[in-house]
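Worksheet: the structure to be examined is printed underneath.
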Amino acid sequence: MIANNTSNHDIVISVIGFNSPYGTEIDNYFFRKESETKALIIEDHDPQKFLKPKGQRFLNKATLLYCNAAFHAIHNRGLSSKINETPERIGLYDGTELSNLEDCFIFDLTAKNQGPDRVSPMKAPSTIANAAASQMAIQAGIKGPNFSVCAGMAGSLQALDIASLHLKQGITDYGVIASTEVRNEYQESIRRGNEGLHRPASTELGIAMVLERRETLSEAGRKPLVAIKKIHSETHTENLPIEAFLYQNISDMAALFSFDTIIFSGGTSVIDETIFEEVLRKNGLNTSVIYPETLFGDNDNAGGMLGIAYAVSVFEGKGIHKTDQENILVLSADKAGAVILTIIEKAK
């Protein structure tokens, strides 16, 4: 099934930017104590004060959170000078869907029922799908490609895939990918209508990563968090159970790479976990399957990137799960059929 043998061996993730109700350290989010509980909502969307205060009150939460996480990653990598020197060589990618739906709904409803003169023109940007990435480009002075990727629960890994492609093609030198989770009444109504979602929603969060070529990171005297060895997308349109479809794609990956750990994060509600693991076992794939969303709640968008960050913690020996293999498979799926698999390699 996997015909494309394009390699990503030289593409690495150098840093992570993060924000959640548990703060801006992702380890605090992953390894908080069971007794430690916090609200789902982030109180401070810009704790480091990266964003320019002018105009913030007209931006929605998803845009503020995207910009903060992206700035956090840029800060952690020290990319400000690169942005100043060659702003056209940095790309911005937003792997978030549904973030602006509530704004669009309220904007349109107000205009329809009360008249167009009752909506502020300053609110209009928040009704545009690409608002977050475009706002970040304005805030940071970045002039490379910037856009949103709408692939539902597979969106954040799809954004990572496009950023990797731009790096391989020489279009960019750095890709800043971010995805956000925001909680609002519109999304809650969607969740209530979806019986397949069997876990509570995750907290609000923003996660960002800087993707670059290994050589640029080596020149800076730094070590990558992980390398991306392969990303592969498929669409489930066959008359085949999703669990069997996923097995086919995973077995194709297993023929190319050695791994004993699968991290399924983003869209786990589309499968029956028991059936999925039974299919793997019956077909001789002796792998452990980890579901981070079991611990942290279902994600609408950022699950795939959160899964990669969780894999980093596994490689670093911080979690309960251990692996002696050099690779981990991170997987996301959406109920509309989008499936994406990513092989990441332990830092070397």
How large is the accessible surface of residue 108 in square angstrom, using a 1.4 angstrom probe and rounding to the nearest 10?
90 Å²
Partner lysines whose C-alpha sits under 24 Å from that of residue 33, ignoring same-chain residues fewer than 8 away, are 318, 322
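At a 10 angstrom cut-off on C-beta neighbours, averaged per residue, how do the peptides 240-248, 297-305 rank from highest to lowest? Show your work: numbers first, answer last.
Numbers: 240-248: 17.4, 297-305: 28.2.
The packing order, highest mean first, is 297-305, 240-248.
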Tell me which residues come under 5 Å, amide H to amide H, from residue 146 once H is placed; ignore anything under 5 positions away on its chain.
92
State, as an integer percentage, the relative contact order of the chain based on alpha-carbon contacts under 8 Å between residues 6 or more apart.
24 percent
Listed by chain and number, the aspartates and glutamates with an alpha carbon less than 18 angstrom from that of residue 82, same-chain partners under 8 positions apart left out, are 173, 212, 215, 219
Rounded to the angstrom and largest first, Cα extents along the principal axes for the chain equal 64, 50, 43
Rounded, prolate or oblate: which fits segment 234-326 when a ≥ b ≥ c are the square roots of the eigenvalues of the alpha-carbon gyration tensor, with rounded for a/c under 1.5 and prolate only if a/b beats b/c?
oblate
At 7 Å along Cα-to-Cβ for each site, give me the label-to-label distance between residue 216 and residue 318 in nm.
2.4 nm
More than 20 angstrom apart: percent of Cα pairs within segment 118-240:
59 percent
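With charges only on Cβ, +1 for K and R and -1 for D and E, what is the dipole size of the chain about its Cα centre, in debye, rounded to 20? Each step should come with its number before you reach the end.
Values: 33 positive and 43 negative charges, 198 e Å.
Roughly 960 debye for the chain.
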Rg and Dmax of segment 154-299, using alpha carbons, in Å: what are they?
17.6, 51
Alpha carbon centroid spacing (whole Å) that separates segment 259-318 from segment 326-348
9 Å
Kirkwood hydrodynamic radius over Cα pairs of segment 52-110, then Stokes diffusion coefficient at 4 °C and 1.567 mPa s, in µm²/s:
95 µm²/s
Which whole-number value in Å² is the accessible area per residue of the chain, probe 1.4 Å?
43 Å²
Ellipsoid equivalent to segment 185-271 - semi-axes via the Cα gyration tensor, in Å:
31, 23, 11
Enumerate the amide H contacts of residue 263 below 5 Å, restricted to partners 5 or more residues apart or on another chain; note that Pro and chain-start residues carry no placed amide H.
290, 329, 330, 331
Under the Karplus curve 6.51 cos²θ - 1.76 cosθ + 1.60, θ = phi - 60°, whole-Hz ³J(HN,Hα) for segment 218-227, x wherever Gly or Pro sits:
5, 4, 7, x, 10, 10, x, 6, 8, 10
Going Cα to Cα from residue 230, which lysines come in below 17 Å? Please leave out same-chain ones fewer than 8 positions away.
168, 346, 348
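So which trypsin sites (Lys or Arg not before Pro) in segment 302-347 end up in coil per DSSP with only 13 or fewer other C-beta atoms within 10 Å? Present the calculation step by step, with values, prior to reporting the outcome.
Values: sites: 318, 322, 335, 346; in loops: 318, 322, 335.
Sites meeting the loop and neighbour criteria: 318, 322.
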Would you please state which residues of segment 229-248 a label at residue 282 would reach in this model, taking the label point 7 Å out along Cα→Cβ and a backbone N cut-off of under 16 Å?
240-248
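What Kirkwood Rh does segment 299-348 have if only Cα atoms enter the pairwise 1/r average? Answer in Å. Don't skip to the answer; put the middle values down first.
On the way: mean 1/r = 0.0851 Å⁻¹.
Result for segment 299-348, one decimal place: 11.8 Å.
The values are calculated or read from the model by the stated rules, or taken from the named source; none is laboratory data. What you are looking at is a predicted structure, and each value in this text was computed from that prediction instead of being measured. In this analysis, Cβ positions are derived from the backbone assuming ideal geometry, glycine residues included, and neighbour counts consider all displayed protein chains. Surface areas here come from the heavy atoms of the whole protein model, side chains and all, with no ligands, DNA or RNA. Shrake-Rupley method; radii C 1.70, N 1.55, O 1.52, S 1.80 Å.
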